[in-house]
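**Q** This is the structure, below, for whatever I ask next.
The values are calculated or read from the model by the stated rules, or taken from the named source; none is laboratory data. This structure is a prediction, so every number in the text was calculated from the model and none was measured. Here the Cβ positions follow ideal geometry from the backbone for every residue, glycine too, while neighbour counts run over all protein chains shown. SASA here: full protein model, heavy atoms, side chains in, ligands and nucleic acids out. Shrake-Rupley method; radii C 1.70, N 1.55, O 1.52, S 1.80 Å.
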Amino acid sequence: MQYNFKKIASVPAASDFIDVVLSRTQRQTPTVVHAGYAIARIRQFYMRKVKYTQQSWNEKLSRILEDFPRVDDVHPFYSDLLNVLYDKDHYKLALGQLNTARAMIDKIAKDYVKLLKYGDSLYRCKQLKRAALGRMCTIMKKHAASLAYLEQVRQHMSRLPSIDPNTRSILVCGYPNVGKSSFMNKVTRADVEVQPYAFTTKSIYVGHTDYKYLRWQVLDTPGILDRPLDERNTIEMQSITALAHLRAVVLYIVDISEQCGFSIAQQAALFHSIKPLFANKPLVVAINKIDVRKLEDLSAEDRALIDGMRDAMRGPAAMQLGDDDALPIMSTLSENGVMEVKNRCCDLLLAHRVEQKLASRRAGEVMNRLHVATPVPRDSKQRPAFIPSTLEASRARKAAGEKIVTEKELQEQNGGAGVYSADLRKRYMLENDDWKYDIVPEIYNGKNVADFIDPEIEAKLAELEREEDELEAKWEAERMDREPQEADLDEDERALLGEVRTRRNKLVAEHRRKKAAGNNNPVVPRKVDHERKLNTKNMKSSLESMGLDATAAVERARSRSRVVKRGRSMGADASMGADDANEDGKKMRTSKSRSKSVAKRVKDEVGGGLKSVDATLRATKMADKAQRKRNKLAKSGEGDRTINTKLPKWLNSGKRGNGKTDRR
Amino acid sequence: MRLEKCWFCSSTIYPGHGICFVRNDSKMFRFCRSKCHKNFKMKRNPRKVKWTKAYRAIHGKDLSGDNVFNFERRRNRPVRYSRELTHKTMAALKTVEGIRSKREKRHYDGRMKGLTDERRRNDRKELQKQVHLVKAPILDAGTASPSDRKEKTRIQVSSNHVKHGQTSGETSYD
């Protein structure tokens, strides 16, 4: 169990308490009700309020009752301390009253809820609720004093030192002003107030110290006066409580100088009067302030008194340690012997606790499980530790008196740090010591020399050379297979090939140029392409470009063409070949009666599946007409930069969010 | 100081050159130049990139798997320094390099075997096929042996057909 009373929630004063609960009810329950509501609903509304208030009281009071420690449940030390400090009866009474109040509030709520079931109007229900809440508050008001008392107790308790009653602790006690707090300050890091008057320390203080890697609690108690128990004041009673209930080593401090205002006789008397409290506890009597007065300077009577105390300490109840012929002496001023006193206390307590544990029932169980193994040698063979031969050699050299010069000494001799550079190579272990400072090539011809280092390199190299000779011979033997079989091209052929390639490259280049330039051009039919038209002239130039004699071909073509009749224009002569041959049939049928002055129409050829020239003309006209509209429409295509609608509705109306207007 | 090999292209990296990438599993990737580094970052496989040593070795472009390469090796067995051994090694290094270059030459020659023949065949074929670009075929036909020429036979057809025949004959010249 943790003895920490710091977590107790604060206890509000009665009036605050009432305010808190009532306002909570107001906030957490519905507030609107009308007389017109169904009566069941009205009743339910007020019942809820009453119940809610009761719940709040119950919660809060239960919390308080749980938080405060019960005197009977805590460690006897705390129980007595609570009694001494706050008066157990009063404490119990206050808590009991709260408990009763809680029960009464529950009862009231139950009664009024029952009554509310019979409320026949809003007004009555409201009055019943008022009465219920009012009575609850009155009860709590009556317990205002208890609440105030508990709040004070809480505040005081939260400041109590957290003493663990079961751990290892040293309890310092003695007359006021004998140096208990000084000892505490020396031993622990607790900063207890030390003043040259009695009862500087008014309550128990706790400090912590370490001994044998364990945590020790040091308790500084207020001074005790030698008087009957019922005459002691609260401050003394705290010490008594601690002495009575804590299983600690008791350090009784005696002021040898009598500066505290109490003679040694008085201190011895107190020691003997509270001796029953030390029963079953290790006890150390320490003599303090030896810087003022030496133990040897004491008078015979005082000496006898101190010896008496020592005998009591060594009594059958007290634990004894080997060296106990003298009382521990110390001076908290000069810090002489303080640590010895502490160590002696701790040793005593440890021994005592071990003895107690051994005496307990569980000790046997633990002891049974313990086994300390000691290995037995399996044979008589010696197995000494391995010591390397180099180490032995160096030891021998050292034994012979040889001075070993360390690297550090060398550094000091040769200019110190930053100037001296250690020779890293001097301890190299090589076959020949001359090699130590060789400069070894690292890189040769783009290779890492280290990669080639191999103790068996000679053998491997010889093998490689042998293999190479074989391969070389084989290669030579196969020479004939590798010679080209095909005859090379002769001079003329090569020249011709050169010409072919040049010509082809030119053609390709030309083609590419045209293709790139005229990518979008329509393909003109051969019939209307002047250059590619199939006529005698083109045939002639084409044949001649290839170095052929075209005369015969031209002659042949001409001989086969239709004889031009008289009366025809010379233009018709120029056009020869297939075209003329196609035309002549129609032309012959032109009416003779027509005047010759009629201009010859440019396009009067019949073709393309049309029956007559008229039909052709009609078709052309129709095509033009159809095209006209299409052209117009084509202008409003995507590519044209026209703005059809200045302010499109969909772009310029409605809500706009983030982003641009034109992207919507 | 060591000469390292590029992780990507396997070329030699001299001190002060290239860049080294250390992955979080502490594997080191050295690159001879930014080109290799970039290719690595693009997650390219050096075995599939044509200009790397790895590709060339796999595809038989370069000599590989030869005994001569066993001499250069990182042996993780420390050898105590010996002056004689170093001298021997230096001498051997030169010999090995000589043999290696010879073998590489042979490998290359073997690889190029028959290439001349093929080139000559192709040239001849090209000449045969495309000579008409510079020489009229009729002339060529004149030079060819009489047995190659087909005897033209005259066939009696109607006048209309003659016209068509003429047209198609002209087309071939263009």
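**Q** Out of all DSSP beta bridges with both ends in segment A:134-261, state the antiparallel percent to the nearest 5. Write out the running numbers ahead of the final one.
**A** Values: 7 of 16 bridges.
Percentage antiparallel, nearest 5: 45.
**Q** Quote the charge dipole size of chain A about the Cα centre in Debye, to the nearest 20; the model charges only the Cβ of Lys and Arg (+1) and of Asp and Glu (-1). Before the final figure, lay out the partial values.
**A** Details: 119 positive and 92 negative charges, 2190 e Å.
Its charge dipole is roughly 10520 debye.
**Q** Which pairs, out of A:K7/A:K281; A:K506/B:K50; A:K514/B:K135, put more than 28 Å between their alpha-carbon atoms? All intermediate terms of the calculation are to be shown ahead of the outcome.
**A** Working: A:K7/A:K281 33 Å; A:K506/B:K50 33 Å; A:K514/B:K135 24 Å.
In this structure, A:K7/A:K281; A:K506/B:K50 exceed 28 Å between Cα atoms.
**Q** Once the dipole of segment A:48-123 is set up with Lys and Arg at +1 and Asp and Glu at -1 on Cβ about the Cα centre, which of A:Y86, A:A101, A:L65 lies farthest towards its positive end?
**A** Going by the Cα projections, it comes out as A:A101.
**Q** OK, next. Which percent of Cα-Cα pairs in the protein assembly as shown sits in each 10 Å bin, short to long?
**A** 2, 7, 8, 7, 6, 7, 8, 8, 9, 8, 7, 6, 6, 6, 4, 2, 1, 0, 0
**Q** So what's the angle, to the nearest 10 degrees on a 0 to 90 scale, between helix A:122-142 and the longest Cα principal axis of chain A?
**A** Between helix and principal axis, roughly 50 degrees.
**Q** Sticking with this structure for a sec: With the full set of protein chains in place, find how many percent of the accessible area of segment B:1-97 is carbon and sulfur; take the probe as 1.4 Å. Before the final figure, lay out the partial values.
**A** Values: 3280 of 6560 Å².
Carbon and sulfur together cover 50 percent of it.
**Q** When only alpha-carbon atoms count, how far does segment A:5-156 stretch along each of its three principal axes, as whole angstroms with the largest first?
**A** Result for segment A:5-156: principal-axis Cα extents of 64, 24, 21 Å.
**Q** Ok, one more. Please tell me the relative contact order of segment A:161-362 in percent, rounded to the nearest whole number, where contacts are Cα pairs under 8 Å and at least six residues apart. Display every interim value, and only then the final one.
**A** On the way: 347 pairs, mean separation 43.9, N = 202.
After rounding, I find 22 percent.
**Q** Give me the residues in segment B:60-80 whose solvent-accessible area, probe 1.4 Å, is reduced by at least 50 Å² once all protein chains are included instead of the chain isolated.
**A** Those residues are B:F71, B:E72, B:R75, B:R80.
**Q** Say the dipole of segment B:46-145 comes from +1 at the beta carbon of Lys and Arg and -1 at that of Asp and Glu; which of B:V68, B:V134, B:G114 then lies farthest toward its positive end?
**A** Farthest towards the positive end: B:V68.
**Q** Of all beta bridges DSSP finds with both residues in chain A, what is the antiparallel percent, to the nearest 5?
**A** Numbers: 10 of 26 bridges.
That works out to approximately 40 percent antiparallel.
**Q** Could you give the distance between the Cα centres of segment A:277-303 and segment A:84-102, to the whole Å?
**A** Between the Cα centres of segment A:277-303 and segment A:84-102 lies a distance of 44 Å.
**Q** Now for a separate question. Given the pairs B:K5/B:K113; A:K398/A:K426; A:K533/A:K625; A:K49/A:K92; A:K289/A:K357; A:K537/B:K125, which are separated by over 28 angstrom at their Cα positions? Don't skip to the end; give the middle numbers.
**A** Values: B:K5/B:K113 31 Å; A:K398/A:K426 21 Å; A:K533/A:K625 31 Å; A:K49/A:K92 32 Å; A:K289/A:K357 36 Å; A:K537/B:K125 34 Å.
Too far apart for the 28 Å limit: B:K5/B:K113; A:K533/A:K625; A:K49/A:K92; A:K289/A:K357; A:K537/B:K125.
**Q** Could you compute how fast segment B:1-62 diffuses translationally, taking Rh as the Kirkwood radius over C-alpha pairs and applying Stokes-Einstein at 25 °C with viscosity 0.890 mPa s? Give it in µm² per second.
**A** Values: Rh = 12.0 Å.
The estimated diffusion coefficient comes to 205 µm²/s.
**Q** Also: Dipole size in debye (nearest 20) for segment A:5-156 around its Cα centre, Lys and Arg Cβ +1, Asp and Glu Cβ -1? Can you show the working numbers first?
**A** On the way: 27 positive and 14 negative charges, 220 e Å.
I would put it at about 1060 debye.
**Q** A further question follows. Only bridges with both residues in segment A:193-291 count here: give the DSSP antiparallel percent, nearest 5.
**A** Taking every DSSP beta bridge with both residues in segment A:193-291, the antiparallel ones total about 55 percent.
**Q** In chain A, once you exclude exposed GluC sites (Glu not before Pro) (DSSP loop, at most 13 other Cβ within 10 angstrom), what's the longest stretch remaining?
**A** Numbers: sites that count: A:E193, A:E335, A:E402, A:E431, A:E442, A:E456, A:E478, A:E531, A:E638.
The longest such stretch corresponds to A:1-192.
**Q** Quick one: with all protein chains in place, what share of the accessible area of chain A is carbon or sulfur, to the nearest percent (1.4 Å probe)?
**A** Working: 23040 of 44440 Å².
The computed percentage sits at 52.
**Q** Which value, in debye to the nearest 20, describes the size of the charge dipole of segment A:161-362 about its Cα centre when Lys and Arg Cβ atoms bear +1, Asp and Glu Cβ atoms bear -1, and nothing else is charged? Before the final figure, lay out each step's value.
**A** Values: 24 positive and 25 negative charges, 197 e Å.
Around 940 debye, computed over segment A:161-362.
**Q** Based solely on its DSSP helices, what 222 nm [θ] is calculated for chain A when runs of n ≥ 4 H residues each add -39,500 (n - 2.57) and the sum is averaged over all residues, nearest 500 deg cm²/dmol? Display every interim value, and only then the final one.
**A** Details: 24 runs with 330 residues, N = 664.
Theoretical 222 nm ellipticity from helices: -16000 deg cm²/dmol.
**Q** Could you do me a favour and compute the accessible area per residue for the protein assembly as shown, 1.4 Å probe, result in Å²? Walk me through the intermediate numbers first.
**A** Details: 57180 Å² over 838 residues.
Counting only protein heavy atoms, the per-residue value for the protein assembly as shown is 68 Å².
**Q** Could you state how much accessible area is buried at the B-A interface, both sides summed, with a 1.4 Å probe, in Å² to the nearest 100?
**A** Numbers: alone 15970 and 47550 Å², together 57180 Å².
Roughly 6300 Å² of accessible surface disappears when B and A pair.
**Q** With a/c under 1.5 counting as rounded, go ahead and sort segment B:72-114 into rounded, prolate or oblate using the C-alpha gyration tensor (a ≥ b ≥ c being the square roots of the eigenvalues; past the cut-off, prolate if a/b is larger than b/c, else oblate).
**A** Numbers: a/c = 9.40, a/b = 2.60, b/c = 3.62.
Oblate, since a/c reaches 1.5 and b/c is not below a/b.
**Q** Once phi is turned into ³J(HN,Hα) by the Karplus curve 6.51 cos²θ - 1.76 cosθ + 1.60 with θ = phi - 60°, what whole-Hz value does each residue of segment A:372-383 show in order, with x for glycine and proline?
**A** 9, 8, 10, x, 9, x, 7, 8, 8, 5, 7, 10
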